[in-house]
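The values are calculated or read from the model by the stated rules, or taken from the named source; none is laboratory data. All values reported here derive from a predicted model rather than from experimental measurement. So basically every Cβ, Gly included, is an ideal-geometry build from the backbone, and we count neighbours across all protein chains shown. For accessibility, only protein heavy atoms count, side chains too; no ligands or nucleic acids. Shrake-Rupley method; radii C 1.70, N 1.55, O 1.52, S 1.80 Å.
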Amino acid sequence: MSSLAATQADGYHIPEEYYTSGAYKKKSISRFYGSKGHNQYLQRSVVRFELPFDGFCTQCDAIVGKGTRFNAHKAHVDDYFSSKIYEFTTKCRSCADCEFRIRTNPKERTFDYVVGIRKKIEEFNSVEAGTKGGIDT
């Protein structure tokens, strides 16, 4: 079988300059051709982010429910010991003017709403509700 037939059987062709330039030692064939990545995160640092808590937009006061998914920009902003602290940036779906910034908090094991969104705080009082406060199993 000739080398051309073998290349066609594999489904890809590697040019001669890939080997002669020494690029095969430093980068993949995709990087040699100028590819920036195969998904949104590798190209633009965009991830699919789901809100962990209910919240309110600070500009239009729209309710943003827990579990609402956004395409968010993910950025490494700080470190807490060996854990990375990431910040997710997205826009409000209602007004599209307000920018939400949500940051991971490894110390408290939670997320912090930093800019553009405030957390909905729900308190439950068992006396007002008329329950004994125990967990019913």
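Heavy atoms of the protein chains alone define the surface here; on that basis segment 74-137 has 80 Å² accessible area per residue at 1.4 Å probe size.
For the chain, the fraction of 1.4 Å probe accessible surface lying on carbon and sulfur atoms is 47 percent. Shape class of segment 41-93 from the alpha-carbon gyration tensor: prolate, with a/c at 1.5 or above and a/b greater than b/c.
For the chain, the relative contact order comes to 15 percent (Cα pairs under 8 Å, sequence separation of at least 6).
Close Lys pairs in the chain (alpha-carbon distance under 15 Å; sequence gap of 8 or more, or different chains): 6. For the pair LYS120 and TYR41, the difference between a 0.36 nm per residue extended length and the Cα-Cα distance amounts to 25.5 nm. Using the rule -39500 (n - 2.57) for each DSSP H run of four or more residues, divided by the residues of the chain, the 222 nm mean residue ellipticity is -4000 deg cm²/dmol.
Suppose we look only past 19 Å in the calculated P(r) of segment 66-137. What percent of the Cα-Cα pairs does that tail hold? Don't skip to the answer; put the middle values down first.
Numbers: 1310 of 2556 pairs.
Every Cα pair in segment 66-137 considered, those over 19 Å come to 51 percent.
For segment 32-123, GluC sites (Glu not before Pro) are listed when DSSP marks them as loop and at most 11 other Cβ atoms sit within 10 Å of their Cβ; the list is GLU108, GLU122, GLU123.
Extension gain, TYR33-HIS13: 0.36 nm per intervening residue step, less the Cα-Cα distance, totals 6.0 nm. Binning all Cα-Cα separations of the chain at 10 Å, short to long from zero, yields these whole-percent fractions: 10, 24, 20, 16, 14, 9, 4, 2, 0. Computed with every protein chain present, the accessible area of THR89 is close to 30 Å² [probe 1.4 Å]. GNM remark for the chain: springs join alpha carbons under 10 Å apart, and the peak mean-square fluctuation among PHE88, PHE53, PHE124 falls on PHE124. Connecting C-alpha atoms closer than 10 Å in a GNM of the chain, tell me which of PHE56, PHE32, PHE100 has the biggest fluctuation. Result for the chain, Cα springs under 10 Å: PHE32 fluctuates most.
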